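Note sheet for the following structure.
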């Protein structure tokens, strides 16, 4: 189920750029996934936890915190990421379909290095969360690592962070429209107008310069057709994405 989810349900932030507010209610997320869409950690892990619980699994929600710079101080379990653990047949598992580019299948929650496809992950005790855990991503991943606590959490624990991440102009989710989907041998990512693919051989990327290319990548690579919105809305979304991309390019050139 974990493998099927990350292969078929994309991590994506398009609802923000379509100006359609979402919540951390897992049933709302389930309805959106059934319409062929995705979301980020609160949506994807919340929906997956609800599915697993309905099937009889012992699932617990936890507060986590992701950071991107391997050289910076980890932020601890701030609540900016929803983490799941599942107790099954005497073993506790780290379950996370909300990373986008990381876990392809669950990891046993014990210290060690783990290979999944071309990527190597590490689990160890957290240095900033007493009694908590640290997940170190592969160096080719989109973030450095995650700290999380084993204390149980509820959807209400993530509502404030979701509000900030989906509305603040400083949020990367607001600044860049993105989609990510994991494959057994790597992952694909669309950030603004740049489509990239990362696997055991390295990373390739190309810029998408037309709306047809961009919509084609969304549908063909990530399974996001945007069939539920009108053509004019798709055109407006592309205009926002392209304008933001041009502004980032201009900023880099000026620097």
Evaluation of residue 170 against (1) assigned to a helix (DSSP H, G or I); (2) surrounded by fewer than 18 Cβ atoms within 10 Å (Cβ to Cβ); (3) in contact with a helix residue (DSSP H, G or I) (Cβ under 9 Å, 6 or more places away or on another chain) (one fails), failing number
(1)
Failed condition for residue 115, given (1) more than 20 Å from the chain's Cα centre (by Cα); (2) surrounded by fewer than 16 Cβ atoms within 10 Å (Cβ to Cβ)
(1)
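Which ones in the stretch 144-167 are crowded, with 16+ Cβ neighbours inside 10 Å and more than 21 Å from residue 93 (Cα to Cα)? Quick ask: steps written out before the conclusion?
Keep residues of the stretch 144-167 that are crowded, with 16+ Cβ neighbours inside 10 Å, which gives 144-150, 153, 155, 157-158, 161-162, 165-166.
If the condition is that a residue be crowded, with 16+ Cβ neighbours inside 10 Å and more than 21 Å from residue 93 (Cα to Cα), then 157, 158, 161, 162, 165, 166 are the ones that fit.
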Exactly one of 141, 186 is out of contact with any helix residue (DSSP H, G or I) (no Cβ under 6 Å at 6 or more places or on another chain), in the same structural domain as residue 107 (by TED's automatic domain parsing) and under 27 Å from residue 1 (Cβ atoms), and that one is 141
Regarding the stretch 205-225, can at least one residue be identified that is part of a strand (DSSP E or B), under 20 Å from the mean Cα position of the chain (by Cα) and not assigned by TED's automatic domain parsing to the domain that holds residue 24?
yes
If we keep only residues of the stretch 174-204 that are in a loop (DSSP other than H, G, I, E, B) and more than 16 Å from residue 224 (Cα to Cα), then the residue farthest from the chain's Cα centre (by Cα) is 201
Could you list, in sequence order, the residues of the stretch 33-48 that are surrounded by fewer than 24 Cβ atoms within 10 Å (Cβ to Cβ) and either in the same structural domain as residue 230 (by TED's automatic domain parsing) or in contact with a helix residue (DSSP H, G or I) (Cβ under 7 Å, 6 or more places away or on another chain) (or both)?
33
Lone unmet requirement of (1) modelled with pLDDT of 95 or more; (2) in contact with a strand residue (DSSP E or B) (Cβ under 7 Å, 6 or more places away or on another chain) for residue 97:
(2)
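The values are calculated or read from the model by the stated rules, or taken from the named source; none is laboratory data. In this text the structure is predicted, and so the values were computed from the model without any measurement. Reconstructed Cβ throughout: ideal geometry from the backbone, glycine too, with neighbour counts over all protein chains shown.
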